[in-house]
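Working notes, beginning with the structure itself.
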Amino acid sequence: MFILGIDTSCDDTGVGVVELSAGRVQVRANRVWSQTVHAQYGGVMPELASREHVERIDAIVGEALSEAGLGITDLGAVAATSGPGLVGALLVGLMYGKGLAQALDVPFYAAHHLEGHIYAAASDAELRAPYLALVVSGGHTHLFDVPREGEYVLIGATRDDAAGEAFDKVARLAGLGYPGGPAISAAAARGNPDAVPFKEPLKGQSGFDFSFSGLKTAALLAHRAGAAPDDLAASFQRAAVQTLVKTTVRAAGATGRGTVVVSGGVAANRALREAFAATGLRVVFPGPGLNTDNGAMIALAAAAAVQAGRAPSALSEGAVAYAPLAGGVGRGL
C-alpha cells in the first residue's frame with residue numbers, strides 16, 4: 001500500500017510517499033519546497049505562505065511520485081495535516097489531499113502535525129512504546145509521555161516562545177540571518193560559549209515545562225552591550241540546549257522511560273544531539289530530511305493509523321490552528 005502525505009502547516013510545502021508492506025513502513029519519497037520569500041521579514045508571513053503553497057503543491061506532488069517511481073493511480077491512501085498550523089496554509093494541503101483522495105476513491109487521513117513529527121522518528125521498526133517524545137521546532141516545544149502507541153500524555157511544554165522561534169529571534173537580532181537554527185549553529189561553532197552568562201530558565205521547577213523568553217531577553221541585552229555575534233550564538237545555543245536536555249532527562253527519570261524520541265526542526269542541531277548522546281538514554285532522532293516539516297512524516301502517521309485499524313477521516317474534516325495532541329490532559333505527574 002502506497003500512502004501520499006502532504007504537510008502545508010507553515011512555510012514548507014512537503015509531500016512524501018511511504019510504502020506499507022507486511023507490517024513494515026518504508027519512506028519512498030520526501031520532497032520539500034522551502035519558501036524563501038519570508039527571509040526579508042525575519043519570520044513567516046501567513047498570507048504569503050498560503051499563496052506559495054497554492055503555486056507549488058501540484059509540482060511537488062508530481063516530484064514526490066516521480067521519486068517514488070509511482071503513478072498517481074498507484075496510491076492506496078492520501079493524508080494531509082489538518083492542524084495545528086496557519087489555517088490558510090493548512091487549507092491548501094488539506095483541500096488538495098481530500099480532493100485527490102476523492103478523485104482516486106481511496107481513504108483519506110487527516111493527520112496531526114505533532115504526531116507526524118513523532119512518527120518521523122518513531123518509524124524505526126524496533127521502537128515500541130513506552131517512551132518520551134520531545135517535539136521541538138519553530139512553532140512547538142512539547143514533551144509527551146507515550147505509554148502506548150497512539151496515546152500521548154502532555155507532561156511539559158513551553159510557557160512562552162517555542163525553542164525554534166527563540167533561535168530565529170536571537171539570530172535576527174545578532175544579524176546572523178534566517179532561518180535562525182542553522183545560522184545560530186554555524187555561528188556557535190566559531191564562538192565562545194562562556195562569553196555571555198545565561199541564567200537557567202525555570203530553575204528549581206518541579207514540573208517539566210520550558211521557557212525561552214528570558215533567554216531571548218538576555219540575548220538582546222548582551223547584544224546591546226556589544227557581545228560579538230558568534231559568542232552570543234554559542235552562549236545562547238548552549239543555554240537552550242541545556243534546558244531542553246536537562247528537563248527531558250528529569251522527566252525520563254520521573255516516568256521511568258529509558259527511550260526518548262526527539263523530533264522537529266531543532267532536532268537537527270548538532271549540539272543538541274551531542275548533549276543527548278551523553279545522557280545515557282536511548283535517544284532516537286528522525287532520519288535524513290525528516291527533522292523539519294515534511295510530507296513523509298504525515299504519510300508515516302497515516303500508515304500508523306492504518307496499522308492500528310483506525311477508520312479514515314471524513315472529507316468534512318477542517319483545518320484547525322490550535323489542536324492539542326493530548327487533549328484534556330494536564331501537565332505534570
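Taking the Cβ of Glu63 as the centre, find all other residues whose Cβ is under 12 Å away and add up their charges (Lys, Arg: +1; Asp, Glu: -1).
0
Give me P(r) over the chain, computed from all C-alpha to C-alpha distances, binned every 10 Å, as integer percentages.
In order of increasing distance, the bins hold 6, 27, 33, 24, 9, 1, 0 percent.
Per the helix-only calculation at 222 nm, which mean residue ellipticity applies to the chain, given -39500 (n - 2.57) for every DSSP H run of n ≥ 4 and division by its residues, nearest 500 deg cm²/dmol?
Calculated at 222 nm, the ellipticity per residue is -13000 deg cm²/dmol.
Treating only the Cβ atoms of Lys and Arg (+1) and Asp and Glu (-1) as charged, compute the dipole magnitude of the stretch 128-284 about its Cα centre; round to the nearest 20 debye.
Dipole about the Cα centre, nearest 20: 200 debye.
So for the chain, taking the charge dipole from beta-carbon charges (+1 Lys/Arg, -1 Asp/Glu), which of Gln40, Thr141, Thr247 sits furthest toward the positive end?
After comparing all options, I get Thr247.
Considering the stretch 128-284, what Rg and Dmax in Å follow from its alpha-carbon atoms?
15.2, 50
If the chain between Ala225 and Thr73 were fully stretched, how many nm would it gain, using 0.36 nm times the residue separation less the Cα-Cα distance?
Stretched fully, the Ala225-Thr73 segment lengthens by 48.7 nm.
For a test of understanding, tell me how many lysine pairs in the chain have Cα atoms under 29 Å apart, given they are 8 or more places apart or on different chains.
Pairs that pass both the separation and distance tests number 9.
For Arg310 and Gln102 in the same chain, what is the full-extension length gain: residue separation times 0.36 nm, less their Cα-Cα distance, in nm?
Length difference between fully extended and current span is 73.0 nm.
When a/c is below 1.5 the answer is rounded, else prolate if a/b is larger than b/c, else oblate, so apply that to the stretch 35-152 with a ≥ b ≥ c taken from the square roots of the Cα gyration tensor eigenvalues.
Since a/c reaches 1.5 but b/c is at least a/b, the shape of the stretch 35-152 is classed as oblate.
Got a sec? Which residues in the stretch 105-144 would a label at Ala277 touch, if it sits 7 Å along Cα→Cβ and we count backbone N under 18 Å?
Inside the label zone: nothing.
From Cα pairs below 8 angstrom and at least 6 apart in sequence, can you work out the relative contact order of the chain, rounded to a whole percent?
25
State to the nearest 20 debye the size of the charge dipole of the chain about its Cα centre, where the only charges are +1 on K and R beta carbons and -1 on D and E beta carbons.
Around 1000 debye, computed over the chain.
Filter the trypsin sites (Lys or Arg not before Pro) in the stretch 172-219 to those in DSSP coil with at most 16 other Cβ atoms within 10 Å of their Cβ, and list the result.
Loop-located and lightly packed - Arg190, Lys199, Lys203.
Please report the relative contact order for the stretch 128-284, taking Cα pairs under 8 Å with a sequence separation of at least 6, and give it as a percent rounded to a whole number.
27
Let me check against my output: what whole-number percent is the relative contact order of the stretch 94-171, with C-alpha pairs under 8 Å and at least 6 apart?
Relative contact order of the stretch 94-171: 20 percent.
Quick check: net charge around Tyr152, other residues with Cβ under 11 Å of its Cβ, Lys/Arg +1 and Asp/Glu -1?
Net charge in that neighbourhood comes out at -3.
For the chain, with the dipole built from +1 on Lys and Arg beta-carbon atoms and -1 on Asp and Glu ones, taken about the Cα centre, which of Thr158, Ser21, Ala122 lies farthest toward the positive end?
It is Thr158, whose Cα lies furthest towards the positive end.
Only the coordinates and a few stated rules stand behind these numbers; no lab work does. Quick caveat, the model's predicted, so the values are computed rather than measured. With ideal geometry, Cβ positions are generated from the backbone for all residues, glycine too; neighbour counts draw on all protein chains shown.
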